[in-house]
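Since the structure comes first, as structure tokens, the remarks are kept for the end.
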Amino acid sequence: MSGGAVNGAEEAVDRLTIEAARTEWARIAAEVARANKAYHTEDAPEISDADYDALKRRLQAIEARFPGLASAGSPTQAVGAAPSETFAKVAHRVRMLSLENAFDEAEVREFDDRVRRYLNLPADAPLDYTAEPKIDGLSLSLRYEEGVLVQAATRGDGETGENVTGNARTIADIPERLDGAPGVLEVRGEVYMSHADFAALNARQVEAGAKTFANPRNAAAGSLRQLDAAITAARPLRFFAYAWGELSAPLDGTQKGAIDRLAALGFATNPLTRLCDGPDAVLASYREIEQKRATLGYDIDGVVYKVNDLAYQARLGFRSTTPRWAIAHKFPAELAWTRLEAIDIQVGRTGALSPVARLTPVTVGGVVVSNATLHNEDYIAGRSASGEEIRGGKDIRVGDWVQVYRAGDVIPKIADVDLSQRPEEAVPYVFPTVCPECGSDAVREEGDAVRRCTGGLICPAQAVEKLKHFVSRGAFDIEGLGAKQIEMFFADPDLPIREPADIFTLQARDAANLTKLENRDGFGEKSAGNLFRAIEDRRKIGLGRLIFALGIRHVGESAANLLARNYGSWAAFEAAMTAAAVGEGPEWEALNAIDGVGAVLAASVVNAFHQAAERASIDRLVAHLDVQEAARPQTEGSPVAGKTVVFTGTLEKMTRAEAKARAEALGAKVAGSVSAKTDLVVAGPGAGSKAKQAEALGIEIIDEDAWLRLIGG
Ligand code: IVH
């Protein structure tokens, strides 16, 4: 190491381009970081104090000229404290959503029909959309207060992301300051890496003997989520703005106008964004963008259509994780041919036997693929769940020459089989009827495409997968207890973890053992202590996380949060599920009345609470926990929260679906029929028996205008 970086020969700061500044900044930041480590951690200073100070001064000068480079991770801001091992969490004030997908023209037209039906617009009424490329990167939310960038956060699970402010500040497309922006402005968009920068980065990685990235998206994600902002700064990331979160004042009345406003504020917006006057025009845009795809210089995986009128967007609102006013029209998947070497069966946490294709490795769209999903036994046999032929009825055999495809980030799939290349000795695949892990019967229930192991918690594969799910990111997320450690503890004869409750007795059991965890391979006093502390921290857990962690079939993160918000506390949830019976009774009705909960999900949750072994395991777990009540957002101050409302007759200002969605968003339950439990009936013209029934029961009846006044317009 030398102080050569600051020997006076460098370019005057005010003549530096941003690219040159970024490169120099990254180099000096890395040198300072190395010097810090040598000085503070290794007690072996490598450079003189004077050289060290000169390096820092040069950094400060560069940062004064390019404030975007002055990140929280910059050595100029460091106060000697070690950076945190992980990113701090950021609760998004407005959720970050994902998009529904369409794969063909018919699905795009259906989307347009759906939007019109919801808004009560005739088929020939004008309805504009924007069309823009779907960037294949990762989404980022940038918060500006009084025009100053104060926070950048990844999407995370949509509700909570990671604070990557320091890293985002190193991205040249992200302005540090805005002129004329609303007081609070959250700009959302995609961080990505260009093909050229990706190729150069991988070449540098090879040279440095470091791992290379599979594609630009992974490279962008890996670069943004760096603990050391200097590394992010050295990786040329880019950003397109295409949406927004919290705003103190609207940007415009239309999507296109709002995007133009973001461009005027200094953001890069995609130059292929088009305003289209209906489905034919959006499809024309799709073709235009698809044609330009190969020459754009960055990855896109489809075209996003959004309803242009923001008042319509507000009326359309959201489903649990996607807006009703937008859709992603995906490009067809990429394909390649290869040999199927073997079929393995994996047993998942719900007992599903999943066949996996082991393939001779092949590159598909730039990624090496050696496994593909085979879904289930029907799929291998060439049939769909409803018994129709798929792939023209061709079955899949070990030894076959198969066509593999991948679309987006999903697990590769098999599209076709070349029968002319089938080896003579290839035989039809026989799907196992016993679990390969525990030997229990594997059965297929009527109407289920999947064969499942009946071993329940005695099946080691199910138990391990359930535990891995339990400690996963959206669930208990226990630091130091990941999939690898779960496998280790599961097999440990002295300190086993066989079910979630065992995690919370680990420390006490370890204390009673002769051989302590801290003396084992891979552990020391510090890491064992850290693990116990991380477990202790998680005794206090949010209701949504707990419900998700239970690993009940069909209950993903958003359904778990939905249940949590509706029941509020573990006591209420547990009491309702215990009292509920599938298909009947008030608890069943209440569960099914939750917007976003269908009968299949409801039955799965109720069943989980009525299976003796599973229930006992849940009870043992909860005895160790302090479950936090779930906030019931949006309903505070709502005049209809907790009320049961019935809509009847014709509504003139909104459609039924819209009325239901808005009422539910305000915490009301919407029922289809009037009963003693009904609090309010909203009756439009033509209301018949329901209004009469309500009258007879003495239930308040109001018209649509009064309803709108009640809920605030
Ligand atoms: S709009 C509320 N526009 O695609 C809607 N998303 O698959 C927010 N994406 O999570 C998204 N390009 O990360 C939107 N032009 C675009 C996009 C885009 C890429 C990403 C985004 C989103 C994901 C959904």
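The values are calculated or read from the model by the stated rules, or taken from the named source; none is laboratory data. As the structure is a computational prediction, the values presented were derived from the model and not from experiment. Don't worry about glycine lacking a Cβ; one is built from the backbone with ideal geometry, like all the others, and counts go over all protein chains shown. These area figures cover heavy atoms from the full protein model, side chains too; ligands, DNA and RNA do not enter into them. Shrake-Rupley method; radii C 1.70, N 1.55, O 1.52, S 1.80 Å.
The table that follows gives values for the structure above.
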quantity	calculated
Förster-model FRET efficiency, 60 Å R0, residue 458 and residue 293, C-beta, rounded to 0.05	0.70
For the stretch 561-691, diffusion coefficient by Stokes-Einstein and Kirkwood Rh (Cα), 25 °C, 0.890 mPa s, µm²/s	150 µm²/s
Residue 473 paired with residue 415, simple spin-label distance in nm, labels 7 Å along Cα-to-beta-carbon	2.9 nm
The stretch 183-228, accessible surface, carbon-and-sulfur percent (1.4 angstrom probe)	55 percent
Residue-normalised accessible area of the stretch 370-416, given per residue in Å² at a 1.4 Å probe	45 Å²
Gained length - residue 629 relative to residue 575, 0.36 nm times residue gap less alpha-carbon distance	18.0 nm
Ranked by how many other beta carbons lie within 10 Å on average, peptides 134-144, 596-606 from highest	134-144, 596-606
Cα-centred dipole magnitude for the stretch 212-345, charges only on beta-carbon of K, R (+1) and D, E (-1), debye, nearest 20	120 debye
Lys/Arg +1, Asp/Glu -1 at C-beta; the chain dipole; positive extreme among 698, 295, 461	698
Label-reachable residues, the stretch 295-326, where backbone N falls under 20 Å from a point 7 Å from residue 247's Cα toward its Cβ	304-319, 322-326
39 Å tail of the calculated P(r), the chain, as % of Cα pairs	47 percent
Projected label distance in nm at residue 335 and residue 381, using a 7 Å step from Cα toward the beta-carbon	2.6 nm
Mean Cβ neighbour count within 10 Å, used as a protection proxy, ranking 207-218, 145-156 highest first	145-156, 207-218
Among 375, 402, 336 - extreme Cα towards positive end, dipole of the chain, charges at beta-carbon	375
Of all DSSP beta bridges in the chain, antiparallel share, percent nearest 5	80 percent
Selection from 164, 597, 481 lying farthest towards where the dipole of the chain points positive, charges on Cβ	597
Anchor residue 653: lysines whose Cα lies under 28 Å away (excluding residues fewer than 8 positions away in-chain)	256, 306, 643, 669, 677, 690, 692
Mean ellipticity per residue at 222 nm, deg cm²/dmol - from DSSP H runs of n ≥ 4 across the chain, formula -39500 (n - 2.57)	-10000 deg cm²/dmol
Full-extension gain in nm, residue 177 to residue 491, via 0.36 nm per residue minus C-alpha separation	107.6 nm
Label-zone membership for the stretch 619-662, site residue 319, 7 angstrom Cα→C-beta point, backbone N under 16 Å	657-658, 661-662
Whichever lysines have a C-alpha closer than 16 Å to that of residue 466, once near sequence neighbours (fewer than 8 apart) are set aside	484
Summed residue charge, Cβ within 10 Å of residue 96's Cβ, Lys/Arg positive, Asp/Glu negative	0
Heavy-atom surface of the stretch 297-342, accessible at 1.4 Å and reported per residue (Å²)	35 Å²
Cys with no candidate disulfide partner in the chain (beta-carbon separation under 4.7 Å rule)	276
Partner aspartates and glutamates for residue 134 [C-alpha distance under 16 Å; skip if fewer than 8 residues away on the same chain]	100, 104, 190, 288, 290, 299, 301, 409
Dipole in debye (nearest 20) - the chain, about Cα centre, beta carbon charges: Lys, Arg +1; Asp, Glu -1	460 debye
Peptides 692-700, 171-179 ordered by average Cβ neighbours within 10 Å, highest first	171-179, 692-700
Value of Rg/Rh across the stretch 226-350 [Cα atoms, Kirkwood radius]	1.07
Approximate spin-label separation residue 692-residue 280, in nm, with each point projected 7 Å along Cα-to-Cβ	4.9 nm
Difference of contour (0.36 nm per residue) and Cα-Cα distance, residue 483 to residue 657	58.4 nm
Percent RCO, i.e. relative contact order, over the chain, from Cα pairs under 8 Å lying at least 6 residues apart	9 percent
Carbon plus sulfur fraction of accessible area for the stretch 573-677, probe 1.4 Å, in percent	52 percent
Residue-count net charge about residue 477 - beta-carbon cut-off 11 Å; Lys, Arg +1, Asp, Glu -1	+1
Per residue accessible area of the stretch 572-713, 1.4 Å probe, in Å²	50 Å²
Per-pair calculated FRET efficiency, R0 = 30 Å: residue 150 and residue 196 via Cβ, rounded to 0.05	0.40
Summed side-chain charge close to residue 427 - residues other than residue 427 whose Cβ falls under 13 Å, Lys, Arg +1, Asp, Glu -1	-2
Relative contact order (%) - criterion: Cα under 8 Å, at least six apart; region: the stretch 555-713	19 percent
Carbon + sulfur, % of accessible area of the stretch 250-302 - ligands and nucleic acids excluded, 1.4 Å	51 percent
